[in-house]
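Values quoted throughout were computed directly from the atomic coordinates according to the rules given, and no laboratory measurement underlies them. For clarity, every value in this text was computed on a predicted model and none was experimentally measured. Here the Cβ positions follow ideal geometry from the backbone for every residue, glycine too, while neighbour counts run over all protein chains shown.
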Amino acid sequence: MTTTIRDARPEDEAAWRALWQGYTTFYASDIPEPVTHHTWQRALNPDSPLGIRLAVCNEQIAGFSLYVLHEGSWVTTPVCYLEDLFVDPAARGQGLGRALIDDLIHLAEQNNWSQLYWHTREGNSARALYDTFIQADDYVRYRLAIPRG
Ligand SMILES: CC(C)(COP(=O)(O)OP(=O)(O)OC[C@H]1O[C@@H](n2cnc3c(N)ncnc32)[C@H](O)[C@@H]1OP(=O)(O)O)[C@@H](O)C(=O)NCCC(=O)NCCS
């Protein structure tokens, strides 16, 4: 099996959208089309802090990570937030999820980012994978939706 992790390109849109659909279904979410469109456009824009990395396995796009870079008050170089991670169910258990996280660690080292972090549901079985990188800390999340004015 040959696996490559690389940036998303315009011609990958249909394949990424199929994975994105699987991911949002996994989270029982219905992301409006304009949001998906905007997300994809930002991922292709080198000036945007949002990026998508694709796992290409035997020439098939089988997984993705979506990350956002941001400033941090405790550091001098960008912080990387891994917002979304998904592997096609047919391609799971072959190391692609781990490869996608390793890839971001490698990018962080190359680009002098100071930190990589992510959230997940407390009961997500993916924590078996995550726990092999680092133990979860004891922070909890407060998330306030802002009503449209
Ligand atoms: C989480 C996810 C990306 C892992 O992808 P994957 O390609 O199957 O992961 P890997 O093959 O690299 O797994 C590496 C190790 O972690 C374990 N692991 C990975 N995901 C697991 C899961 N959901 N449950 C239990 N163990 C898991 C694997 O068994 C493997 O263990 P091993 O090295 O001892 O064999 C994939 O299961 C997925 O897309 N899940 C649905 C979406 C999701 O939960 N995304 C994360 C949201 S925060």
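Structural remarks
- Looking across region 85-98, the residues that are closer than 15 Å to GLN60 by Cα and among the hydrophobic types (A, V, I, L, M, F, W, C) come down to PHE86, VAL87, ALA90, ALA91, LEU96.
- Residue count for region 120-135, restricted to those that are more than 7 Å from the ligand (Cβ to nearest atom), within 17 Å of ILE105 (Cβ to Cβ), of a type outside the set (Ser, Thr, Tyr) and surrounded by 12 or more Cβ atoms within 10 Å (Cβ to Cβ): 1
- Against the criterion of being loosely packed, with under 12 Cβ neighbours inside 10 Å and touching a helix residue (DSSP H, G or I) at 6+ places or on another chain (Cβ under 9 Å), ASP7 does not qualify.
- Enumeration of residues in region 96-110 that are over 25 Å from MET1 (Cα atoms) and surrounded by 14 or more Cβ atoms within 10 Å (Cβ to Cβ): ALA108
- Among residues that are of a type in the set (Lys, Arg), without any contact (Cβ under 8 Å) to a residue 12 or more places away in the chain, within 10 Å of the ligand (Cβ to nearest atom) and under 22 Å from LEU19 (Cβ atoms), ARG98 is not included.
- Evaluation of TRP113 against the conditions (1) closer than 23 Å to ALA18 by Cα; (2) surrounded by 11 or more Cβ atoms within 10 Å (Cβ to Cβ) shows that the sole unmet condition is (1).
- Count of residues meeting criterion [touching a residue at least 24 places away in the same chain (Cβ under 8 Å) and away from the ligand (no atom under 12 Å from the Cβ)] in region 61-89: 10
- Scope region 77-93; condition in a loop (DSSP other than H, G, I, E, B), out of contact with any Phe, Trp or Tyr (no Cβ under 6 Å at 6 or more places or on another chain) and surrounded by 16 or more Cβ atoms within 10 Å (Cβ to Cβ); matching residues: ASP88
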